[in-house]
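Down below is the structure, laid out as structure tokens.
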Amino acid sequence: MSDATGIETASLSDVGRVRSGNEDYCAEFQRSDGVHLIVLADGMGGHRGGATASRLAVEAIGEIFASSSRDPETVLHEAFSCANDRVHRAALGDDQLRGMGTTAVSLMLSRDGVGWVGHVGDSRAYRIRDGIINPLTSDHSVVAELVRRELITAEEAAVHPRRNEILRSIGVEPEIRADVSAIDVRPGDRYLLCSDGLSGLLSDQEIAEITTRETPLRAVQMLVDSANRRGGPDNITVQIVSMPDVSMTDVVTAGVVPLDDAATAPRGRALQIAAAIAVAVGLLAAVAVGLL
Ligand code: MN
């Protein structure tokens, strides 16, 4: 998906090679003010329970995002609380769903270079900038806690018998506290959200290389394929957001009308770059004239 802001997004969820059902769920939302939200969840608690929890959580987060005009941090906290409430109530009301829960990670991006990440559990958000990947979340998991206390190494965590145990999840308790933080967003940045079905099988470096090299649409497919080639033991979900190389503010200032046609996204980006070059040449010319 891409739009007049030049932000491109892609999402893919796959059952993997071992599980019989997909308990991950993800979605993309966009508000009329141009703010994007991507959100994914990895459900747990039996076959039906896991799939229900992740879907309810993603839908609740999307709904609050779409309807609330409060500041972004408050919106994300509200959205996660609402998700927790819905999943928790649904679990109490149905024996087959009792005990279900889910992780959730979400990223809100505005066109003016600000973003907000919210998460609960061990689904992750990363930023890839100039080919360098950095985590934007820290897992609420037993092994992450052991690594933080320097009791085990990151390498040991990857194969630890308790690596699937999470310490915070949506829907299990009546109340939840999400981690929410603001991030700076720059032109050309790529952002990736994933469930542990991806992060458990590919190194951060492998994720960075594919995400940097490919379009979001191709990258999500290649990342899922890579995890499946390594056995695909879990459901695999990945979402990518690519920020335009030149910010729309620059282009609009240069007097270029933004393209409003999703099908011409690559051409739109080329035009943005061309516009930036034109501005630079214009400035040089102005300086040259001034000197004469
Ligand atoms: Mn998983």
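The values are calculated or read from the model by the stated rules, or taken from the named source; none is laboratory data. These figures come from a predicted structure and were not determined experimentally. Please note: Cβ atoms are built from the backbone with ideal geometry, for glycine as well, and neighbour counts cover all protein chains shown. Please note that ligands, DNA and RNA were not included when accessible areas were found on the heavy atoms of the full protein model with its side chains. Shrake-Rupley method; radii C 1.70, N 1.55, O 1.52, S 1.80 Å.
What to note about this one:
- Only a single criterion out of (1) within 16 Å of the ligand (Cβ to nearest atom); (2) in contact with a Lys or Arg (Cβ under 7 Å, 6 or more places away or on another chain); (3) modelled with pLDDT under 95 is not satisfied by Asp245, namely (1).
- For the range 55-63, the count of residues that are of a type in the set (A, V, I, L, M, F, W, C) and within 15 Å of the ligand (Cβ to nearest atom) is nonzero.
- Among the residues examined, Arg213 qualifies as surrounded by fewer than 18 Cβ atoms within 10 Å (Cβ to Cβ), at pLDDT 95 or above, more than 16 Å from the ligand (Cβ to nearest atom) and not hydrophobic (A, V, I, L, M, F, W, C).
- Exactly one residue out of Val114, Val142 is modelled with pLDDT under 95, of a type in the set (A, V, I, L, M) and within 30 Å of Asp245 (Cα to Cα), and it is Val114.
- Residue-level check: of (1) under 17 Å from the mean Cα position of the chain (by Cα); (2) away from the ligand (no atom under 16 Å from the Cβ), Thr237 misses just (2).
- The criterion of at least 2 residues that are open to solvent by less than 10 Å² (accessible area, probe 1.4 Å) is met by the following strands (runs of 3 or more DSSP E) wholly inside the range 1-89: 8-14, 36-44.
- Qualifying residue in the range 96-106 (condition: touching an Asp or Glu at 6+ places or on another chain (Cβ under 6 Å), within 16 Å of the ligand (Cβ to nearest atom) and touching a residue at least 40 places away in the same chain (Cβ under 8 Å)): yes
- In this structure, Ser169 does not qualify as surrounded by 14 or more Cβ atoms within 10 Å (Cβ to Cβ), within 14 Å of the ligand (Cβ to nearest atom), within 22 Å of Ser106 (Cβ to Cβ) and at pLDDT below 95.
- Only one of Thr5, Thr74, Thr9 that is in contact with an Asp or Glu (Cβ under 7 Å, 6 or more places away or on another chain) and farther than 15 Å from Gly171 by Cβ: Thr9
- Checked against (1) open to solvent by less than 50 Å² (accessible area, probe 1.4 Å); (2) modelled with pLDDT of 95 or more, Gln221 meets all criteria but (1).
- Any hit, the range 141-158, residues being within 14 Å of the chain's Cα centre (by Cα), away from the ligand (no atom under 16 Å from the Cβ) and hydroxyl-bearing (Ser, Thr, Tyr): no
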